[in-house]
1. Do the conditions hold for residue 238, that is, is it farther than 15 Å from residue 210 by Cα, at pLDDT below 85 and touching a Phe, Trp or Tyr at 6+ places or on another chain (Cβ under 6 Å)?
2. Does residue 39 count as of a type outside the set (D, E, K, R), more than 30 Å from residue 95 (Cβ to Cβ) and surrounded by 15 or more Cβ atoms within 10 Å (Cβ to Cβ)?
3. Do we find that residue 141 is of a type outside the set (D, E, K, R), over 30 Å from residue 27 (Cα atoms) and within 21 Å of the chain's Cα centre (by Cα) in this structure?
4. Can you tell me which of 76, 72 is exposed (fewer than 11 other Cβ atoms within 10 Å of the Cβ) and either charged (D, E, K, R) or over 28 Å from the mean Cα position of the chain (by Cα) (or both)?
5. If residue 46 satisfies all but one of (1) free of Cβ contacts under 8 Å to residues at least 60 places away in the same chain; (2) surrounded by 13 or more Cβ atoms within 10 Å (Cβ to Cβ), what's the number of the condition it fails?
6. Where in the range 1-103 are the helices (runs of 4 or more DSSP H), entirely inside, with at least 3 residues that are at pLDDT 95 or above and among the aliphatic types (A, V, I, L, M)?
7. If I go through the range 192-234 residue by residue, how many of them are closer than 30 Å to residue 270 by Cβ and assigned to a helix (DSSP H, G or I)?
8. Any idea which of (1) surrounded by 14 or more Cβ atoms within 10 Å (Cβ to Cβ); (2) in a helix (DSSP H, G or I); (3) modelled with pLDDT of 95 or more is the one residue 175 doesn't satisfy?
Amino acid sequence: MNQNNLIPFPGEFTKLVKLTFDAYKKNFGAFLSLSIIQAVPNLIISLLIFFTIRNEITVLFINIENAEEDATLIWTLISNFLSKNSSFIIIALLPLFLVSGISSLICSGGILLGAAQFCSNEKVSATICLNYVFSRIHKLIAANLLMILLLIIPIILILFIFGIPIFLFLAIRLWFVNSSIMLENKNVLDSINYSWELTQQRWWITFGTVFGIFCLSYFSQQIIFSIINSIFSVTSLNSILLISLTSLFFIPLTRISTAIYFIGLRESKQN
């Protein structure tokens, strides 16, 4: 059956979810191998924190909770924590976070392309996806750094409530930048313009779709995490390992649905 005839147009949420799970089920091994690229650095960071500064972080959050929204005290607590652990953060954590960020882009790009392969009736190949991603990784890094610069002020303004709609508006308009690079081979600026144009007059539908997919993925994970934490202590090693393993299986879902929705949105614009 030709998958192109099944691509959901904007607003066909149930069809999008069904096709997302169908793509995942039929190419489970390929998508899982791509998600490992992101999951492994995240697990290493979690384990490193667990065996080093876990107690300090726990104390910090307890003190922040007891500060009762005293901004000055909270800022002092955070500053003291960062000052005390600055060497560890700079030498150990910062490089790992950079590796994690790049790994996330590789994983995301690979899954986006894999979903496009599925929509074209091709068998998803992790090797082909990775080869293509590595030829585009410089574009992905540059585009995401530019998006961070564009979103940093709205993120800061979120603290003042009125920044939330600004952030959401920009986030949705820029949602398909990575998809534009991977599936349309756009350069950095063209990918931003293309994402902006695609969501023109389709912002609310896109927002609802992204929000719906996020909620399905998030609440499904939280239910499983709650079960794990009810069996093991929240701060136990077993809990961290099981949560990391569970997250591995959820990583592809939002990326697959994003690629499928991108293709449907692109086709609806062309029609």
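The values are calculated or read from the model by the stated rules, or taken from the named source; none is laboratory data. Model, not experiment: these values are computed from the prediction. Cβ placement follows ideal geometry from the backbone for every residue including glycine, while neighbour counts extend to all protein chains displayed.
1. Yes: the conditions hold for residue 238.
2. So residue 39 does not fit the description; no.
3. No.
4. Only one candidate passes the filter, namely 72.
5. (1)
6. So the answer is 13-26, 28-51.
7. 22
8. Of (1) surrounded by 14 or more Cβ atoms within 10 Å (Cβ to Cβ); (2) in a helix (DSSP H, G or I); (3) modelled with pLDDT of 95 or more, only one is false for residue 175: (2).
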